[in-house]
Structures are given as C-alpha cells and as structure tokens.
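**Q** This is the structure, below, for whatever I ask next.
The values are calculated or read from the model by the stated rules, or taken from the named source; none is laboratory data. Predicted, not measured: the structure shown is a model, and the values here were computed from it. Note that we place each Cβ from the backbone using ideal geometry, even for glycine, and neighbour counts take in every protein chain shown. We work out accessible area using only protein heavy atoms, side chains counted, and drop any ligands, DNA or RNA first. Shrake-Rupley method; radii C 1.70, N 1.55, O 1.52, S 1.80 Å.
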Amino acid sequence: MAGKSIVHWFPGHMAGGLRRMKEVIRTCDLVVEVRDARAPLSTANPLLKELAPTKPRLLLLNKADLAATRPLHHAYKAILRDELGMAAGPGQTPAQRPGEKLFVLTTNARNARLTGKKILDWAKVHAAPKFVTGGTMIMVCGMPNVGKSTILNALRGAAHAGSGTWNKQVAAIGDSAGVTRRAQLFCVGTNPLMYMVDTPGIFVPRIEDDATGIKLAMLGCVPEHTMHHVQLSQEILSVLNSKLAWQMRYMDFLRLKQPVESVEEVFHRVERQAGAMGKHNEEQQRMCSRYFIRCFREGKLGRVYLDPSPSISEREQRMDREGASDDSMLPRASSTRRAEVFNLDEIM
Ligand SMILES: Nc1nc2c(ncn2[C@@H]2O[C@H](COP(=O)(O)OP(=O)(O)OP(=O)(O)O)[C@@H](O)[C@H]2O)c(=O)[nH]1
Ligand SMILES: [Mg+2]
C-alpha cells in the first residue's frame, strides 16, 4: 500500500505557495484549474476550490492524449453535473448556479495552441478585468505535474501566434512533480492585455485513502521518493492487467505473448530489450522500474483511466481494449475537427 509519506507530502514551498495564492487570487479575474484527464476526480484539489468560490473558473482536463476516451467522456459529463448542478444530456436546460461561470475543456500538449486560443477567447468574454487598463489576471493552479506551466506556455503561444516569438517557452516545465516552486507572473497577451500567474503544484496535506495516493503516485503528482519504485511498478502492472487499462499495449511494448503478473518478469523484459542482461543488482532494478514507470506516464503502455467510471458497459470496455473506439467519440471543436478540445456549449 502507499507509504505514509504520500499522505503527508506537503513541503514548505507548497505551504508558502498556497499562502501566496490566497493573496494573489484577490486580484485575479479568472481561475484556471488544471487536472489530469486520466484521473480528473483524484487530481481535483479541494483546497483550490476553496480559494475562490465565486470567481469564474476554467477547468482543464489536461493530458487527454493519455486518457482512455470513453470514460473521459463520461467523466466530463459527470463533472459538469457535479460542479454546476447541470444536467449534461444534449438539449437539457443547464441549471447553472447564479453567477457561476465554468468552462470545461479537455486538452493535451499536442493541441495546446488551439486550447490556448479557446481559453483566451473565453476569458475575453467571461473574465472582464476589474480595471481595463490593468488587463485580465488569470491564475493557473492544480496538483503538481498536471501540466500547468505547459498550459501557460500554450496560452502565450496562442496570443503571440504569427509574431515569430510564440513558441518561446517562458515557464519551466519538467516531467517530475514540483518543478514550479513559486508563483510567477507572465504576460500572455497584449490585445487585450492578459497576465497569467503560474503557481506551484499544490498537493492535499492529507489524502483520504491509499488508493488515491497510489493513483497520484502513478501519474507523477508526487515525487519519486514518496513510494518505493518496485511497489509503484507493481501497482502499475496491476492497472495494466485490469479494466483500468483501455488498451493492452504493454504486452506489445514488452514483446510479451500473454499478460504477466509479476513485475520481476517486466524488469527481465526491459533488461533484455536494453541488452543489459546478467547484472542483477539493485541499481539495475531501479533503472528498469524507472523506465517502466516513465513509459506508463508517457502513455507508451496504452491509455488508462484510473477513476471509477461505473456507467461503462462491458461491451464498450471490450471495444476500447480492441481499439474500436478512438478520439472520434469525443465532442470536437467544430471548426477545426481537432480531437480532444471540446466545450460546454458543444455538449449541451
Ligand atoms: N502527453 C502529455 N504530456 C503533457 C501534457 N501537458 C503537459 N505534459 C507533460 O507533463 C509534464 C509536466 O508538465 P508541467 O507543465 O511542468 O506541469 P506542472 O503542473 O507545471 O508541474 P509543477 O510545476 O511541478 O507543479 C511535462 O513533462 C510536460 O511535457 C499533455 O497534454 N500531454
Ligand atoms: Mg509548473
């Protein structure tokens, strides 16, 4: 089970970051909460919702390229229903709470520029700045490693498209938790003027159950040292062998003929592929497990969806495992036909 350290991971920079966010949020016109689309419920942070209950909110389910599309689609509708008290079926009347503005998008790094443009367009209409001359202030927040800084860079990219400087990354990104360690302000657009505050990933001081802790460790929302690498690899293998994995890609990847239960077998395969047989020491095992964990996080072992998705039938599950469904089942951004960007208006 998850080590106790997962439950208690709340380092100093997070406590400081949260304090700073509470100060900065007063001047913000829009809050962008980023979650991981592979576990949009487990990567929700209640602390963040409490920060600004009345501000317009934009919820981004990022890394949708790594999530199984069918359960993500269901989750999207459930989030609309739960967050807004909104019936999510087509043609139903939205029962939005008075004054609440929420925009939900799924996105991924591949179409980040397109997402950036959609966010900017939405912000122009729904998050008017308090003082026009001061510009719109946007705060981006979320759990560690969900892609906040990547989104910020995308927004800058969208705003600067065509100017020759759009692809310059300003916010540091990295594949481990805790890359951004303090709140930083960036200009993301000049017409109209928009600023964005990138914030450090904020973890919950206490996780309710070990299962959530394990999911967050799998997704890289906590640093490596919080869970032993062999234990984490074993948990990942269990996921890949279960219904949570929507494609059995790990067997192809490791050139296995049938599923394996033991993580030792996985390490053995990795060793063979790397041509490093024979050195059965701890360092070798650590390298194999880190490689396996990284491949899982990068989606090389197939798309997954880690949160419960009860409304999905066995048949749908089987179709996805056999590769019969793809991104085409998600609502699309109508004009561009690019996958994994959709919005409230299109689904209602
Ligand atoms: N496949 C995929 N990878 C993504 C996506 N968005 C971000 N990433 C990767 O996820 C990792 C984390 O991205 P960051 O933008 O640094 O995440 P962050 O939330 O700012 O992380 P912290 O600052 O540590 O809290 C990086 O390796 C990104 O390249 C996505 O949509 N799809
Ligand atoms: Mg960051």
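**Q** List the pairs whose first member sits in the range 55-80 and is basic (Lys, Arg), whose second member is within 16 Å of ligand 1 (Cβ to nearest atom), and whose Cβ atoms are under 7 Å apart, counting only residues at least 6 apart or on separate chains?
**A** Lys55/Val31; Arg57/Val31; Arg57/Glu33; Lys63/Asp36; Lys63/Ala37; Lys63/Arg38; Lys63/Asn108; Lys63/Gly147
**Q** Looking at Leu219, Leu240, can you tell me which residue is modelled with pLDDT of 90 or more and in contact with a strand residue (DSSP E or B) (Cβ under 6 Å, 6 or more places away or on another chain)?
**A** Values: Leu240 fails: in contact with a strand residue (DSSP E or B) (Cβ under 6 Å, 6 or more places away or on another chain).
Criteria check complete, one pass: Leu219.
**Q** Okay, next question. Can you name every residue in the range 14-30 that is among the small types (Gly, Ala, Ser) and either farther than 18 Å from Met137 by Cβ or open to solvent by 20 Å² or more (accessible area, probe 1.4 Å) (or both)?
**A** Taking the range 14-30 and keeping what is among the small types (Gly, Ala, Ser), we get 15-17.
Across the range 14-30, the qualifying residues are Ala15, Gly16.
**Q** Consider only pairs whose beta carbons are under 9 Å apart and that are at least six residues apart or on different chains; among these, list those whose first residue lies in the range 193-216 and is outside the structural domain of Met139 (by TED's automatic domain parsing) and in a strand (DSSP E or B) and whose second residue is open to solvent by 40 Å² or more (accessible area, probe 1.4 Å) and within 16 Å of ligand 2 (Cβ to nearest atom).
**A** Every condition considered, no pair remains.
**Q** Then there is this: Can you find a residue in the range 318-340 that is open to solvent by less than 30 Å² (accessible area, probe 1.4 Å) and either of a type in the set (Ser, Thr, Tyr) or modelled with pLDDT of 60 or more (or both)?
**A** The answer is yes; a qualifying residue exists.
**Q** Looking at the structure I just gave you, is Leu216 crowded, with 20+ Cβ neighbours inside 10 Å and more than 16 Å from ligand 1 (Cβ to nearest atom)? Even if it seems obvious, please write down each step before you answer.
**A** Values: crowded, with 20+ Cβ neighbours inside 10 Å: yes; more than 16 Å from ligand 1 (Cβ to nearest atom): no.
Taking the combined requirement at face value, the residue does not satisfy it.
**Q** Go through (1) at pLDDT 70 or above; (2) more than 30 Å from Cys295 (Cα to Cα) for Lys77 and report which single condition fails.
**A** In the conditions (1) at pLDDT 70 or above; (2) more than 30 Å from Cys295 (Cα to Cα), Lys77 misses (2) alone.
**Q** Also, I was wondering about something else. Can you name the number of the only condition in (1) modelled with pLDDT of 60 or more; (2) in a helix (DSSP H, G or I); (3) open to solvent by 30 Å² or more (accessible area, probe 1.4 Å); (4) not aromatic (Phe, Trp, Tyr) that Glu271 fails?
**A** Condition (3) is where Glu271 drops out.
**Q** What is the one condition in (1) over 25 Å from Thr69 (Cα atoms); (2) open to solvent by less than 10 Å² (accessible area, probe 1.4 Å); (3) at pLDDT 80 or above; (4) part of a helix (DSSP H, G or I) that Leu152 does not satisfy?
**A** Failed condition: (1).
**Q** Another one. Restricting to the range 167-209, and then to whatever is open to solvent by 70 Å² or more (accessible area, probe 1.4 Å) and among the hydrophobic types (A, V, I, L, M, F, W, C), can you tell me which residue is nearest to ligand 2 (Cβ to nearest atom)?
**A** By that ranking, first place goes to Ile173.
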